[in-house]
Number of protein chains: 2
Amino acid sequence: MGDGARVVVDFRTDPSRYKHWKLSFDGPVATLHMDVREDGGLVPGYELKLNSYDLGVDIELYDAIQRLRFEHPEVGAVVLTSGKERIFCAGANIRMLSQSSHGWKVNFCKFTNETRSAIEDATASSRQAWLAAVNGPCAGGGYELALATDWIIMSDDGSTTVALPEVPLLAVLPGTGGLTRLVDKRRVRRDRADFFCTLEEGIKGQRAVEWRLVDEVVPRSRLAEATKARAAGLAARTDRPAGARGISLAPLERRVEGDRVAYTHVACAIDRGRGVAEITVAAPTTPPPADPAAIHAAGAGFWPLAVARELDDLILHLRANEEEIGLWVLRTSGAADLVEAHDRALAQHEADWLVREIRLYWKRTLKRLDVSSRSIFALIEPGSCFAGTLLELALAADRTFMLDGRREGDARPPAGLRLTGMNFGPYPTVNGLTRLASRFLDEPGRVDDLKGRIGEDLDAAAAAEAGLVTFTPDDIDWEDEVRIAIEERAAFSPDALTGMEASLRFGGRPNAVGPKGALKVYGTGERGDFDRRRV
Amino acid sequence: MGDGARVVVDFRTDPSRYKHWKLSFDGPVATLHMDVREDGGLVPGYELKLNSYDLGVDIELYDAIQRLRFEHPEVGAVVLTSGKERIFCAGANIRMLSQSSHGWKVNFCKFTNETRSAIEDATASSRQAWLAAVNGPCAGGGYELALATDWIIMSDDGSTTVALPEVPLLAVLPGTGGLTRLVDKRRVRRDRADFFCTLEEGIKGQRAVEWRLVDEVVPRSRLAEATKARAAGLAARTDRPAGARGISLAPLERRVEGDRVAYTHVACAIDRGRGVAEITVAAPTTPPPADPAAIHAAGAGFWPLAVARELDDLILHLRANEEEIGLWVLRTSGAADLVEAHDRALAQHEADWLVREIRLYWKRTLKRLDVSSRSIFALIEPGSCFAGTLLELALAADRTFMLDGRREGDARPPAGLRLTGMNFGPYPTVNGLTRLASRFLDEPGRVDDLKGRIGEDLDAAAAAEAGLVTFTPDDIDWEDEVRIAIEERAAFSPDALTGMEASLRFGGRPNAVGPKGALKVYGTGERGDFDRRRV
């Protein structure tokens, strides 16, 4: 979005409201037809021609991926294809990119990347295999979408090609993981990848197979049949029980009142003066259901699933709609015993397909938190419940403050931390390690020692000794120390913090977005006027 | 350097010309005192106060590292310390950065990073261990310099601290690998690293040891003695023979005539119109010396060492002084048999300390080529000698063109490629794999198959079949195909190419370098005026 009218993005949707996708089912095979409505853009100012997409299109795709996993356990393979006659997908809409701010573009690319990763996670972790049936030109973000699937079948006709034409056409890089997926995932030889990425027209037919750009080409007349056969083979590899029934992902309850956003278990208060979002996650108030059948019956109301959905939505909401809120302060409240009991249920029933999905959803949601370009502090105070899965929130934070002892006038016991089995494996970060292992790179033995302390209530002194928290001020120092840390953070440069926190770098590349950049002049007949200096 | 007068940077120097460093020897321990001359800046416009540095200071440091390895095999430990009373090193000079173009800064940071990596390579691969004796405040790039050593001893006094104050003071990130070395090399806990990197004043004394920021603190009065003891211990771990005598790195012969740069074995012709540097490396003209003693006698004249030095200097020259020349075209000429014979000498005598150094130098030089932000094409034509070590140049290229068959009117045999043992291990890229292994990620078995073809002359058809080249046009197509590829490359956006080629991203961060950015207003009393939006 540009600097004009502000659109508030809502990430909640459901199939009955899809504008751009058609989801259909044939036993164990689902088909997702991309059929983008030209006048259905999220923001005014562009038309979504040629199955090009904007954030709104991707929000629906993300919703479909989620529902397939939770609502359709009977599905073992998902075919991604185009609902249009002469085009698979032309990629992200260029006019939309051209009118968007740098922040909007980066946030858009981050979300589309995460959505592609969710497709890969479904294939790899849930045996719900995705394949792409490329039935027309497939360029840029369109090919990146196909790259997210594990099998690409392409029509062998005169016009169907795969292409990554960003560098020659737009002077930008493929923004949704295309280069990485080409070289690291599909292991295309680097000199061929170099050539391919400078070709406006892309590659078709047998050469695309030889170069590993697609897995299979078939005559257009045989595409449907070949896709069906391949999908049936992939679907047969499902490990979910026959007759498994999905749960319904009921609409998320969310109330926005002024600067407050409240869900059932998660609440957020925005302090615009200080640039802070104060986020509180509440513990369950009842014990977990007794067995998998009861968990299925609870469905979207089962506390771990409900909290994951609420946190996921809140993270997306804050990223897209509150870009000036640079610091997220995380708190928890409630009974650690009940959090721990729910973690035990997640551990005990991990073989159940729904429980597995919930654990995987938490994994993805915590990764989304990790890569959010916001500072994250966790505050651990009396009445909090940083246990197991919720302790991961503190371990994801840049810094943690834990109040040592009681507060004057507060009868509650001092704050404690509690480890559960969920801290030791199910939630790896993007580097493949658990947050505990990432924390103790210098002393891997500490992770083993901590395993012996599962279930123990660690007070501030014990938590500091164990290396689980950064600072442990007492009641006298707490307020000043936390206040100063928050004020200091707000005074630093946001992009220096982003780089520091994530060891990632973002920047406006003038040859693409400058006044004569290729992205701005695209389609005008003018050529980009490049600064030729290399750095 | 800014947009004003152009300084041509010369990377050649020797200890007799050092302005900023004093190198002294005490048996197996060398000491390098940093004593930067305030008025000795490479470019007008700033004073190098407080042992701050610019590219000129680092060029001398790089020269010292090289000479220690080749000229001083008797040295087993190198102490890096300050020659000034009250400061270790204040880091890169802020005024210099503030007046420099983005390209100059990136190139400066790249070179300083490579120089720090060369320190680490000396410690790890040559058992010439570096340690830092921190005898005064050590901030920013100063601490990054200390981080490159494997042991940091710090004076425990009122004023000596280590610090990375870039984020709070300048709104930039540490530019010479500080964040990575903190977390990945020294394995500082990430929440402590977060706090440390937001502290203007740094950390001193025992806390710096507890947080793993330094290895040892000693009272100022004992610093010299403790450093001496530690250095003696490290020096004793050398694996070079007692009485080893160094060779002399004689001044590099280089002639610059107009747009031509010529060394003894390497020549470069710059075509400004097309933005191309045509680089040719010549084979040796005589067989290699018969044994290690003869190699030592040949010294800097030994062909592999001579070529590595010339290529290294040329890469640095082109990077710093020819930033608009975006494409490097690599050729070789001469007898492949003689290249292969020299590779055999490098393999046969790898236990010899000097041969080991030459192999390591080639490893570093090829890595420097890999990370250069220029497009690289290799042209393999009749009369070329892409064998073994020189074949690595083609494997480092983004694309290779190999002429299939003879040229009309050219009696020479068709071009051939030749593998040697040097292609299978000694020259890993930054990812730790050989260039062949990186090339065949999809089929690791191909690398094993190729081992069986060492010494074979592979013509264009065989090279294409083996996957070693990208395109093999014949004489009829060659000229057009190569010309078009070069012209196309020149038409693409340089920074899109840089990102594509290196999967790295660079960019101007406005909060640091914009008109009110922290880097510009530093020292003026004004605060940076930040755009608060996060992306």
>> Can you pull out every residue in segment A:455-489 that is surrounded by 14 or more Cβ atoms within 10 Å (Cβ to Cβ), farther than 30 Å from A:Asp337 by Cα and more than 9 Å from chain B (Cβ to nearest Cβ)?
In response: A:Ile486
> For segment B:139-151, does any single residue satisfy the condition of being out of contact with any His (no Cβ under 8 Å at 6 or more places or on another chain), assigned to a strand (DSSP E or B) and surrounded by fewer than 24 Cβ atoms within 10 Å (Cβ to Cβ)?
Replying inline: yes
> With (1) open to solvent by less than 40 Å² (accessible area, probe 1.4 Å); (2) touching a Gly at 6+ places or on another chain (Cβ under 8 Å); (3) farther than 30 Å from A:Ala351 by Cα as the list, and A:Tyr18 as the residue in question, which single condition is left unmet?
Replying inline: (2)
>> Suppose we filter B:Thr280, B:Thr285 for residues that are more than 16 Å from B:Val355 (Cα to Cα) and surrounded by fewer than 18 Cβ atoms within 10 Å (Cβ to Cβ); which single one remains?
In response: B:Thr285
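Tell me yes or no: at least one residue of segment B:379-401 is assigned to a helix (DSSP H, G or I), of a type outside the set (Ser, Thr, Tyr) and touching a Ser or Thr at 6+ places or on another chain (Cβ under 6 Å). Let's see the steps before the verdict.
First, the residues of segment B:379-401 that are assigned to a helix (DSSP H, G or I): B:391-396.
When the remaining residues are screened for being of a type outside the set (Ser, Thr, Tyr), the result is B:391-396.
After this cut, where a residue has to be touching a Ser or Thr at 6+ places or on another chain (Cβ under 6 Å) as well, the list is B:394.
Among the residues of segment B:379-401, at least one is assigned to a helix (DSSP H, G or I), of a type outside the set (Ser, Thr, Tyr) and touching a Ser or Thr at 6+ places or on another chain (Cβ under 6 Å), which makes the answer yes.
Could you go through segment A:355-362 and let me know if any residue there is under 23 Å from A:Asp271 (Cα atoms) and open to solvent by less than 10 Å² (accessible area, probe 1.4 Å).
No: segment A:355-362 contains no residue that is under 23 Å from A:Asp271 (Cα atoms) and open to solvent by less than 10 Å² (accessible area, probe 1.4 Å).
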> If you scan segment B:84-115, which residues turn out to be of a type in the set (Lys, Arg), in contact with an Asp or Glu (Cβ under 7 Å, 6 or more places away or on another chain) and in a helix (DSSP H, G or I)?
Replying inline: none
> Given (1) open to solvent by less than 20 Å² (accessible area, probe 1.4 Å); (2) charged (D, E, K, R); (3) free of Cβ contacts under 8 Å to residues at least 60 places away in the same chain, where does B:Asp337 come up short, assuming only one miss?
Replying inline: (1)
>> Against the conditions (1) closer than 28 Å to A:Ala231 by Cβ; (2) open to solvent by 10 Å² or more (accessible area, probe 1.4 Å), where does A:Phe196 fall short? Just the number, please.
In response: (2)
> Among all residue pairs at least 6 apart or on different chains, which show Cβ distances below 7 Å where the first residue, located in segment A:71-82, is within 17 Å of A:Met154 (Cα to Cα) and the second is among the hydroxyl-bearing types (Ser, Thr, Tyr) and assigned to a loop (DSSP other than H, G, I, E, B)?
Replying inline: A:Leu80/A:Thr149
>> With modelled with pLDDT under 80, more than 7 Å from chain A (Cβ to nearest Cβ) and open to solvent by less than 50 Å² (accessible area, probe 1.4 Å) as the only criterion, which of B:Gly517, B:Gly525 stands out?
In response: B:Gly517
> Can you tell me which residue in segment B:46-68 is nearest to B:Trp353 (Cα to Cα), limited to those that are open to solvent by 10 Å² or more (accessible area, probe 1.4 Å) and among the aromatic types (Phe, Trp, Tyr)?
Replying inline: B:Tyr62
> When you go through A:Ile325, A:Ile315 one by one, which is the residue that is buried (at least 17 other Cβ atoms within 10 Å of the Cβ), within 14 Å of chain B (Cβ to nearest Cβ) and either among the hydroxyl-bearing types (Ser, Thr, Tyr) or assigned to a loop (DSSP other than H, G, I, E, B) (or both)?
Replying inline: A:Ile325
>> Please count how many residues of segment B:46-67 are more than 15 Å from B:Thr112 (Cα to Cα) and either over 16 Å from the mean Cα position of the chain (by Cα) or free of Cβ contacts under 8 Å to residues at least 60 places away in the same chain (or both).
In response: 6
> Which ones in segment B:53-78 are over 20 Å from B:Ala320 (Cα atoms) and either out of contact with any strand residue (DSSP E or B) (no Cβ under 9 Å at 6 or more places or on another chain) or within 14 Å of chain A (Cβ to nearest Cβ) (or both)?
Replying inline: B:Arg69, B:Phe70, B:Glu71, B:Pro73
> Out of the residues in segment B:152-193 that are open to solvent by 10 Å² or more (accessible area, probe 1.4 Å) and of a type in the set (S, T, N, Q), which is modelled with the highest pLDDT?
Replying inline: B:Thr161
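Here is a check on your reading of the model: is B:Asp442 within 14 Å of another protein chain (Cβ to nearest Cβ), free of Cβ contacts under 8 Å to residues at least 24 places away in the same chain and open to solvent by 20 Å² or more (accessible area, probe 1.4 Å)?
On the way: within 14 Å of another protein chain (Cβ to nearest Cβ): yes; free of Cβ contacts under 8 Å to residues at least 24 places away in the same chain: yes; open to solvent by 20 Å² or more (accessible area, probe 1.4 Å): yes.
Considered against the rule, which asks whether it is within 14 Å of another protein chain (Cβ to nearest Cβ), free of Cβ contacts under 8 Å to residues at least 24 places away in the same chain and open to solvent by 20 Å² or more (accessible area, probe 1.4 Å), B:Asp442 comes out as yes.
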> With respect to the numbered conditions (1) surrounded by fewer than 20 Cβ atoms within 10 Å (Cβ to Cβ); (2) assigned to a loop (DSSP other than H, G, I, E, B); (3) over 29 Å from the mean Cα position of the chain (by Cα), which one is the sole condition not fulfilled by A:Ala415?
Replying inline: (1)
> Of the numbered conditions (1) open to solvent by 30 Å² or more (accessible area, probe 1.4 Å); (2) within 23 Å of the chain's Cα centre (by Cα), B:Gly243 satisfies every one except a single condition; which is it?
Replying inline: (2)
> Within segment A:48-67, is even one residue assigned to a loop (DSSP other than H, G, I, E, B) and touching a His at 6+ places or on another chain (Cβ under 7 Å)?
Replying inline: no
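Can you tell me how many residues within segment A:420-441 are assigned to a loop (DSSP other than H, G, I, E, B) and not small (Gly, Ala, Ser)?
Within segment A:420-441, the subset assigned to a loop (DSSP other than H, G, I, E, B) is A:420, A:425-434, A:440-441.
Imposing the further condition that a residue be not small (Gly, Ala, Ser) reduces the set to A:420, A:426-431, A:433-434, A:440-441.
Final tally of qualifying residues: 11.
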> Condition test on A:Thr81, is it in contact with a strand residue (DSSP E or B) (Cβ under 9 Å, 6 or more places away or on another chain), over 20 Å from A:Val43 (Cβ atoms), among the β-branched types (Val, Ile, Thr) and open to solvent by less than 30 Å² (accessible area, probe 1.4 Å)?
Replying inline: yes
> Quick one: which of A:Ala491, A:Ala437, A:Ala502 is farther than 21 Å from B:Arg189 by Cβ and modelled with pLDDT under 95?
Replying inline: A:Ala491
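The values are calculated or read from the model by the stated rules, or taken from the named source; none is laboratory data. These numbers come from a predicted model, not from an experiment. For neighbour counting, all protein chains shown are included, and Cβ atoms are generated from backbone atoms with ideal geometry for every residue, glycine included. Just so you know, the surface numbers come from the protein's heavy atoms only, side chains and all, with ligands and any DNA or RNA stripped out. Shrake-Rupley method; radii C 1.70, N 1.55, O 1.52, S 1.80 Å.
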